[in-house]
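Following: one structure in structure tokens, then a few remarks.
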Amino acid sequence: MYDPITNRFRLTCPVQERPVDVPISRFRTVERLPGPGHPAVHRVEFACSVCGGEHPALLPETELDLHPLDPPADATFVNLQTGRTEPLAVELQDLAARNLRRGVWPWSFYCAAERGVRPGYPSRLRLIQPSDDRALVGIAVRCATCNRISLNLVSERHLDQPFFHDRVLRYVDTTYDGRLEDVARYREELWSARFDEERNRFAA
């Protein structure tokens, strides 16, 4: 279940048997499972803030990609000005519609194959790996247009808050094919000296 106020998914820690709120930046891998496509189901590995381990979870694509923009109709919030409980869905739907009309996508990533910024969704992520100080997050993301994988370097907020975009998207100027079997290669590339060169070249 997704909480549109905190921008976190409510998942479960199997070690402590407790719920844990997980932002997208705490995901580690995302893989679409074979089978029916309506809805598609993704296996997510996430870093658990409760026990410190990494655990799998299954999320339908609709929850990954749409619930941050279109929460369930029964979602509510407490209006601190009025003290009343009010529906949240209408407010967030209106905000999303206004952003989309302006051409602002909820998430965006740089596609090295198309040499431009393209809209993306959490379900298109393949690998998420933070830097040691968590100042930046390296991601392998599959382009929704050309289906090639690019490596980007973004802030946690760029991933966690829909419609927030880093002023600079850093990337490796090469695209990749492959499935999550290539995760070790992606991880090596994400924090390579080569990425450092690209990061410096495209920094603001």
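Here are the numbers:
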item: Relative contact order (%) - the chain, alpha-carbon pairs under 8 angstrom, separation at least six; result: 15
item: Cα Rg over Rh - the range 2-65, Kirkwood; result: 0.97
item: Residue exposure sequence - Ser25, Ser49 - by fewest surrounding Cβ within 10 Å; result: Ser49, Ser25
item: Proxy reagent accessibility, fewest Cβ within 10 Å first, across His158, His38; result: His38, His158
item: Among 4-17, 137-150, 92-105, the order from most to least packed when residues are scored by Cβ within 10 Å on average; result: 137-150, 4-17, 92-105
item: Cα coordinate range in the range 65-109, projected on the principal axes (Å, largest first); result: 38, 19, 15
item: In nm, spacing of pseudo-spin labels at Arg134 and Val15 (7 Å Cα→C-beta vector); result: 1.6
item: The range 119-181, relative contact order [Cα under 8 Å, separation at least 6], %; result: 25
item: Size of charge dipole - the chain - debye, nearest 20, with Cβ of Lys, Arg +1 and Asp, Glu -1, no other charges; result: 420
item: Inverse of mean 1/r across different Cα pairs in the range 1-109, Kirkwood, Å; result: 15.5
item: Relative contact order computed over the range 106-155 (Cα-Cα under 8 Å; 6+ residues apart), in percent; result: 33
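The numbers here are math on the coordinates, done by the rules we state, and not lab data. All figures in this text were calculated on a predicted structure; none of them were measured in a lab. Heads up, the Cβs are rebuilt from the backbone with ideal geometry, glycines too, and the neighbour counts pull from every protein chain shown.
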